[in-house]
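Participant: Once you've had a glance at the structure underneath, I'll fire off some questions.
Values in this text are rule-based calculations from the coordinates and carry no lab data. Since we're looking at a predicted model, the values are computed, not measured. Every residue, glycine among them, receives a Cβ derived from its backbone with ideal geometry; neighbour counts consider all protein chains shown.
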Amino acid sequence: MYIPIAASTLRTGETLETGVVLAPDDEYEPLVRPVLAHKSRNDQWHLDEVFAGRVAPLETRFYLGRLDAQPVCNIMVSEHEGIGIVSHVYTVPEHRRKGIARLVMAGQMADFRDRSGRYLTLSTGYDTHPYYLYHSFGFRSVIPESGHMKYMGTAAFEPDHFRGEGALAVPGDWRNWPSLNVLCAQDGPPYVRNVGLGHIGPRMFEGAYIGLMKLARVDADHQVQLLVSDREVVAGYATLVPDTRWRGEACLLDLFVHPAFTDYCGPLLDSFSLPPARKVQCHVEVGDTMKAAALLDAGFVREATLRKQFKVKGQVVDVEVYARYA
């Protein structure tokens, strides 16, 4: 389905039509794909999944700016229940510096608000032209001087979103991907989020999630589990990947749970099929007692303490390494 949103006259005198394609759509897929042909192999796989209809109930919208019916700008929003991820913001080189991205972004944000959208996340370079473009539409840095940004329909969204309720561990899916990125945008301890992916503190789980979802379909050594509350809020997540530093002979288990749901560290950990013939390691910052207790209950042992492993807000943090041996 293609829905026109607005028509604007550029300073060059050209007429820009802004519209949105709601995927899957066989008729309008040829409009979208050429603008994104430069994207990575994993991104192209994800786009294949989108246009094949395999990401439902996640909604994927492609906001297009068109000149003479040809797309010259794209903004993709992956969305479920009023929570979305903004990505693939791109204007073809020969049509840059005309204000096209701003006009398409204005159409996208107006459409999001008209549909009672509640929360958006995105990632860009800090202190860049795109950063200030997003800032002008209400996005703010998740932490100071960060290109990881969020937009909230109301200031009360996050406290209400993470109200503690019952939760279950489920395999990683597309439905909960936007809500997962709300979790990943939360500041504060614990800061050791995912050592295998290099996530220390708030970090978008966008491209890496696509890659893990792709691998998890064909390789049991790559696993993603989500902790989902009764209100369909992602309150925690965990991943298992081979540790390439050791030729994959050991695995890295990473576990991050929102402070309001720490009682569910154990059930999230128990949802994994841990490889029986390999060592599995998990890193825990000192003070994350519920995560440490869940690992001990699952048969892990504390094997090392990494002193002054990293700094956060000027304070050094020790990290403990827990292991389960084959």
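Participant: Please compute, over every Cα-Cα pair in the range 173-326, the percentage with a separation greater than 22 angstrom. Before the final figure, lay out each step's value.
Facilitator: Details: 4296 of 11781 pairs.
In whole percent, the share of Cα-Cα pairs in the range 173-326 beyond 22 Å is 36.
Participant: Here is a further query. What longest range of the chain stays clear of loop-exposed GluC sites (Glu not before Pro) (DSSP non-H/G/I/E/B, at most 13 other C-beta within 10 angstrom)? Could you put the intermediate results ahead of the total?
Facilitator: On the way: sites that count: 27, 145, 165, 232, 249.
The longest such stretch corresponds to 28-144.
Participant: Could you go through the range 157-164 in sequence order and give the Karplus-derived ³J(HN,Hα) for each residue, using 6.51 cos²θ - 1.76 cosθ + 1.60 with θ = phi - 60°, rounded to whole Hz, and x for Gly and Pro?
Facilitator: Using θ = phi - 60°, the values come out as 4, 5, x, 6, 4, 9, 4, x Hz.
Participant: Right, next: Could you tell me what a quarter of the Cα convex hull surface of the range 88-173 works out to, in nm² with one decimal place? Mind showing how you got there, number by number?
Facilitator: Values: hull surface 31.6 nm².
Averaging across all directions leaves 7.9 nm² for the Cα convex hull.
Participant: About its Cα centre, how strong a charge dipole does the range 6-66 have in debye, to the nearest 20, once Lys and Arg get +1 and Asp and Glu get -1 at the Cβ?
Facilitator: On the way: 7 positive and 10 negative charges, 56 e Å.
In total the dipole reaches around 260 debye.
Participant: Oh, and also: Cα extents of the range 187-226 along the three principal axes, largest first, in whole Å?
Facilitator: Between the extreme Cα coordinates on each principal axis of the range 187-226 lie 34, 17, 17 Å.
Participant: Rg/Rh for the range 7-105: what does it come to with C-alpha atoms and Rh from Kirkwood?
Facilitator: 0.97
Participant: Would you mind ranking 177, 246, 45 so that the residue whose beta carbon has the fewest other beta carbons within 10 Å leads the list? Present the calculation step by step, with values, prior to reporting the outcome.
Facilitator: Details: 177 24, 246 13, 45 16.
Going from least to most buried by this count: 246, 45, 177.
Participant: So what are the three principal axis dimensions of the range 75-127 from its Cα atoms, in whole Å, longest to shortest?
Facilitator: 36, 22, 18 Å, listed from the longest principal axis down.
Participant: At 0.36 nm per residue, and after removing the present C-alpha to C-alpha distance, how many nm does the segment from residue 110 to residue 27 gain when stretched out fully?
Facilitator: Between residue 110 and residue 27, full extension yields an extra 27.4 nm.
Participant: Who wins for biggest fluctuation among 74, 42, 181 in a Gaussian network model of the chain, springs between alpha carbons below 10 Å?
Facilitator: The residue with the greatest mean-square fluctuation here is 42.
Participant: For the chain, what does the equivalent ellipsoid look like in terms of its semi-axes, each the square root of 5 times an eigenvalue of the Cα gyration tensor, given largest first in whole Å? If you can, show how the numbers build up before the last one.
Facilitator: Details: eigenvalues 293, 85, 65 Å².
Result for the chain: semi-axes of 38, 21, 18 Å.
Participant: What dipole magnitude, in Debye to the nearest 20, does the chain give about its Cα centre under +1 on Lys/Arg Cβ and -1 on Asp/Glu Cβ? Before the final figure, lay out the partial values.
Facilitator: Details: 34 positive and 39 negative charges, 186 e Å.
Computed about the Cα centre, the dipole is about 900 debye.
Participant: For the range 141-227, with only Lys/Arg (+1) and Asp/Glu (-1) charged at the beta-carbon, what is the dipole magnitude about the Cα centre, in debye rounded to 20? Provide the component values of the computation, followed by the final result.
Facilitator: Values: 7 positive and 9 negative charges, 25 e Å.
About 120 debye.
Participant: For the range 123-200, just the Cα set please: Rg and Dmax, both in angstrom.
Facilitator: 14.3, 42
Participant: Also, quick follow-up: What is the helix-to-structure angle for 100-114, meaning the angle in degrees between its Cα long axis and the longest Cα principal axis of the chain, kept from 0 to 90 and rounded to the nearest 10?
Facilitator: Relative to the chain, helix 100-114 is tipped by roughly 70 degrees.
Participant: Continuing with the same structure: Provide the net charge surrounding residue 193, with neighbours chosen by a C-beta distance below 13 Å and charges set as Lys +1, Arg +1, Asp -1, Glu -1.
Facilitator: Details: positive: 203, 291; negative: 187, 254, 285, 288.
My count for the surroundings of residue 193 gives -2.
Participant: Choose one of 91, 4, 75: the residue whose Cα lies farthest towards the positive end of the charge dipole of the range 2-117 (beta-carbon charges +1 Lys, Arg; -1 Asp, Glu; about the Cα centre).
Facilitator: 91
Participant: Obtain the nm distance between the two label points defined at residue 126 and residue 313 by a simple spin-label model: each point lies 7 Å from its Cα along the Cα-to-C-beta direction.
Facilitator: That separation, rounded to one decimal, is 1.5 nm.
Participant: Take every Cα pair under 8 Å in the chain that's 6+ residues apart, average their separations, divide by the length, and report that relative contact order as a whole percent. Mind dumping the intermediate values first?
Facilitator: Values: 633 pairs, mean separation 35.7, N = 326.
Once normalised by length, the contact order is 11 percent.
Participant: Rg/Rh for the range 243-326: what does it come to with C-alpha atoms and Rh from Kirkwood?
Facilitator: Values: Rg = 13.3 Å, Rh = 13.6 Å.
Ratio of gyration radius to Kirkwood radius: 0.98.
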